[in-house]
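To keep things clear, I will list the structure first and then write my remarks on it.
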Amino acid sequence: MQPKSTIEEIRARFDADVERFSNLETGQTATMDAALALELIAQTAAAVTPGARHVLDLGCGAGNYTLKQLQSLPNLDCTLVDLSQPMLTRAQERVSAATSGTVTTLQTDLRKLDLLSESVDIVLAAAVLHHLREESEWEAVFATLYAALRPGGALWIFDLVEHSDATVQKLQWQRYGEYLRSFKNDTYREQVFAYIAKEDTPRPLLWQCSLLARVGFSRVDILHKNGPFAAFGAIK
């Protein structure tokens, strides 16, 4: 098995890819149903926490998820977290123009987050958690996010997921390959598959749901799943 990308290698790839993450209409096009997941998460977060004051966007990229959230919950305070400084710079520019709230940026590895207890109402985590490696890292990050949420707050995730059964995994991966080919071509499909193999370590959806409950979340819900991508969340 080839070694996975280091944090520095992941940071460098995203530093060079800001434009692809800056389209609010399409979202991240290398994922299936990106625009739908963006809309579903924003709508659900607004419905679950209508009195929210502060959103934390983990792995914010160029800020699409926070921008979409501000359409339904205007003028939130926003904390944007990403490994990539160019991504954070673009996100801060875009989000600052869309809210009268305070916009804070943190350039850091999600495993090193130091957050105040009960300080945020909504946590958004889009296409970022699959960079976690060991089970202990997943549990520690989920526990940190749980502690940072105020009672009644919620974590909403859109991410690449694995499947527990090898046959199901193979089928869903084939469907994803067909999506990538139809979106562009075979070369693009192979490029995406190559960086996923090098960079990502996703976990099964139901495993993540179970872990969310284990760290303390009272209710866990799945919003949408297509192929190896899922939108889901947990309420404190």
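A few points about this structure:
- Tally, over the stretch 33-46, of residues that are in contact with a strand residue (DSSP E or B) (Cβ under 7 Å, 6 or more places away or on another chain) and either of a type in the set (Gly, Ala, Ser) or open to solvent by 10 Å² or more (accessible area, probe 1.4 Å) (or both): 6
- Residue match in the stretch 102-120 (condition: part of a helix (DSSP H, G or I) and β-branched (Val, Ile, Thr)): no
- Criterion (of a type in the set (A, V, I, L, M) and over 19 Å from the mean Cα position of the chain (by Cα)) met by exactly one of Leu180, Leu206, Leu129: Leu180
- The set of residues in the stretch 178-232 that are touching a residue at least 40 places away in the same chain (Cβ under 8 Å) and of a type in the set (Val, Ile, Thr) comprises Val192, Thr201, Val215.
- For the stretch 188-210, the tally of residues that are in a helix (DSSP H, G or I) and modelled with pLDDT of 95 or more stands at 6.
Yes/no matrix, rows are residues, columns are (1) farther than 28 Å from Gln71 by Cα; (2) open to solvent by less than 60 Å² (accessible area, probe 1.4 Å); (3) modelled with pLDDT under 95:
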| residue | (1), (2), (3) |
| --- | --- |
| Leu83 | no, yes, yes |
| Asp121 | no, yes, no |
| Leu129 | no, yes, no |
| Trp138 | yes, yes, no |
| Arg150 | no, yes, no |
| Lys170 | yes, no, no |
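- Residues that are in contact with a helix residue (DSSP H, G or I) (Cβ under 6 Å, 6 or more places away or on another chain) and within 26 Å of Thr31 (Cα to Cα) were ranked within the stretch 100-109; the one that is least open to solvent (accessible area, probe 1.4 Å) is Asp109.
- All conditions but one from (1) under 22 Å from Leu38 (Cα atoms); (2) assigned to a helix (DSSP H, G or I) apply to Lys170; the one that does not is (1).
- Filtered by the rule that a residue be assigned to a strand (DSSP E or B) and either over 16 Å from the mean Cα position of the chain (by Cα) or surrounded by fewer than 18 Cβ atoms within 10 Å (Cβ to Cβ) (or both), the stretch 224-234 gives His224, Lys225, Asn226.
The values are calculated or read from the model by the stated rules, or taken from the named source; none is laboratory data. Just so it is clear, the structure is predicted and the values come from calculations on it, not from any experiment. All Cβ positions, glycine included, derive from the backbone under ideal geometry; neighbour counts span all protein chains shown. The area values use the complete protein model at the heavy-atom level, side chains included, leaving out ligands, DNA and RNA. Shrake-Rupley method; radii C 1.70, N 1.55, O 1.52, S 1.80 Å.
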